[in-house]
Each structure stands twice: as C-alpha cells, then as structure tokens.
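Read through the structure below, which is laid out as structure tokens, and then see the notes.
What follows is calculated from the coordinates using simple rules that are stated; it is not laboratory data. This structure is a prediction, so every number in the text was calculated from the model and none was measured. Because the Cβ atoms are built from the backbone with ideal geometry, glycine has one as well, and the counts that use them run over all protein chains shown.
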Amino acid sequence: MDTRALLLVNRHARRGKEDLLQAIQCLQELGFALREESTEHPEHLAEVIQRYRDQVDMVIVGGGDGTLNAAVQGLVATHLPLGILPLGTANDLARTLGIPSSVPEACQIIAGGQLRSIDLGWVNGQYFLNTASMGLSVKITRNLTSEAKRTWGVLAYAATAIQVLLKARPFQAEIRWRAPNSEKKESVQVKTLQIAVGNGLYYGGGMAVAHDADVDDQRLDLYSLEVDHWWEVIFALPALRKGTQFQLPNIRTIEAQEIEVFTRKPRSINTDGEITTMTPAHFRVIPHALSVFVPKSQESPESYVKI
C-alpha cells in the first residue's frame, strides 16, 4: 500500500515552483500517494493539516523555515510526522538536521522512514523551530524583500544586515531565567542591539546560536549582543557564525529551559523569520514535540525512531 502524504509546497519559495514537479515525480516513484495543497496563505496551514489528519500518514513541507513554522501548529495538534523538502532561502532547520538541498536526496530521506523527535521553542503562544529574537533581526526581516531573497539567496541577508547595522541603536531590557538544575531565578538588566533565543543550532542562513546546541537538547540558548559601537559586531561575526560567542566579553550567553524578557516599551519578536509577537516575552522549550524524517544515522540515540 502506498504511503499517504499531504504535500504542502510554497510555490513562492526561492526554489518552490521549479522543484515542485520534480518533487512530485520523485515521491510518487518512491511509493507515496500525494494530496497536494497550496501554502499561498500560510496562516491557514494548521487548519489544512488538521483537515487531513485522518486521511494521511505524514505531512511533507516544501519551502523554507517560515513555511515550516506556519505548519508547526497543525503538526503538533495532529501528531503527524514531518518530511522536509528544503526549498527556501536559508533552510536552517534542514541544515541542523543534515537534510541536503537536493530534492531527490531529500525525498529519499523521507522514504527511508527514520524519525527524530525534536524540541520546539515557544514564546507567548507561538512555536519556533530555530530562533526567536528581537532587535537587529526584526529590522532585517522588515527590510528583507521576497524579491531580494529569490534573487540573491543567503547573500540578501548579509546585504540587508549591513544596511540595518549602520543605523542600529541599542535598547534596554531585563532578562530573567532559571539555570538548568537550579531553583534560583536570576535577573539582569542589559543594553543590547539584539537578544536571540535559540531552540536548534542554526538560524539566519547558517549562523549558530551556540556551538553545542541541538534540536533535542531540551534547552534554550540565549545570547545578548551588548556592544558599544555597531562596528564591534563586524569583529564578532566569526564567533557568531561558529556559535562561540560565549568567548567574547561583550556578548552575554545564557542556557535555560524558561526565559523572560521585559522591555520599557513593547518590541516586536521574530520567530523563524516572521514577526509574530511582542515583549514582554515568556520563552520555554517544549521537549520532543515534533517528529521529523532525518538521514539514517550511524548511531541509534533515544531520540531516533524507525518507522
């Protein structure tokens, strides 16, 4: 019997339209019976997934991190496993999970049937797969056009970031958290250009939240960019790229399962590339909330399941 799959492809993703037919052909050859639905209106994806909950065995999403994020609510509600076709610009979750950008290879991984149970981040009722952040990233999101992403790919992020950084101004915030295995709640006042809270490893086209972060470590990793001058960010970029920012004196890092951030006036929060909520913000990790098809591993940790 063919495996029943709901296929959701963002035709407006950087590679969505050109790779859709290839994906359909590849999946059908691998024995999938497909039900295709449009992702033109991402706000309806959760509803679409729930409508098919008893008609399919899995959901396959083709697009970038924003499209995946739009589908998360429906996936959590239905407990359907997720197959990823990385057709977006950054594809940070796919990068974290080792899923290649090649459509045939990504289809083979889904057909391989190995599932990994991953955590989700949560802020003010919004799930996130990679990061939630405020400050520079929000301004980058507002200035980054769909046309630029389609034309320049990840380079569009870098060009927009430079433009935003030149005009950046720090803001004040209070961060409260309880460290793992601690009963004491800690608090700190900061003056910062950006606060980012990561669930997985990668964000922003391959930047790393923390060098040892992963999507099933049951923790959140925060960094706060507390520089005095915008040009200091340039010197911090190699560490931000590798996730070793904990070594720098002007970047604060925190590990916790729950974090609160308060600001003098409400500030917008970006979750996986979409502006979805505002401060005050309550962040927490939701352990093992989602099952995702991943490459076959050489080891068999508890977070992996073969179906």
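Quick look at the values:
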item	result
For the chain, Kirkwood radius (reciprocal of mean inverse C-alpha pair distance, Å)	19.7 Å
Partner aspartates and glutamates for Lys139 [C-alpha distance under 16 Å; skip if fewer than 8 residues away on the same chain]	Asp272, Glu274
Given charges at Cβ of Lys, Arg, Asp, Glu: the chain dipole, positive-most of Ser101, Pro170, Gly112	Pro170
Paired Rg and Dmax values of the stretch 3-112, which use every Cα atom, in angstrom	12.3, 32
Residue of Asn124, Asn69, Asn270 that the Gaussian network model of the chain assigns the largest fluctuation, springs spanning Cα pairs under 10 Å	Asn124
Sparsely packed trypsin sites (Lys or Arg not before Pro) within the stretch 1-108, loop by DSSP, other Cβ within 10 Å at most 16	Arg11, Arg53
Too-long pairs where the Cα-Cα distance tops 32 Å, listed order kept, from Lys185/Lys265; Lys242/Lys296; Lys185/Lys296	Lys185/Lys296
Under 16 Å from Lys184, Cα to Cα: aspartates and glutamates that are on another chain or at least 8 residues apart	Glu255, Glu258, Glu260
Check: the stretch 3-112 dipole with +1 on Lys, Arg Cβ and -1 on Asp, Glu Cβ, in debye	40 debye
Once exposed loop GluC sites (Glu not before Pro) are cut out (DSSP; at most 10 other Cβ, 10 Å), longest piece of the chain	41-182
Structure-based [θ]222 nm, the chain - -39500 (n - 2.57) summed over DSSP H runs of at least 4, per residue, nearest 500	-8500 deg cm²/dmol
Of Leu45, Leu30, Leu68, the one that fluctuates the most in a GNM where the chain has Cα springs shorter than 10 Å	Leu30
Intensity falloff of the stretch 126-286 expressed as log10 I(q)/I(0), Debye formula with alpha-carbon point scatterers, at q = 0.08, 0.11, 0.13, 0.14 Å⁻¹	-0.21, -0.40, -0.57, -0.66
Most mobile listed residue (Ser133, Ser291, Ser38) in the chain, GNM with C-alpha springs under 10 Å	Ser38
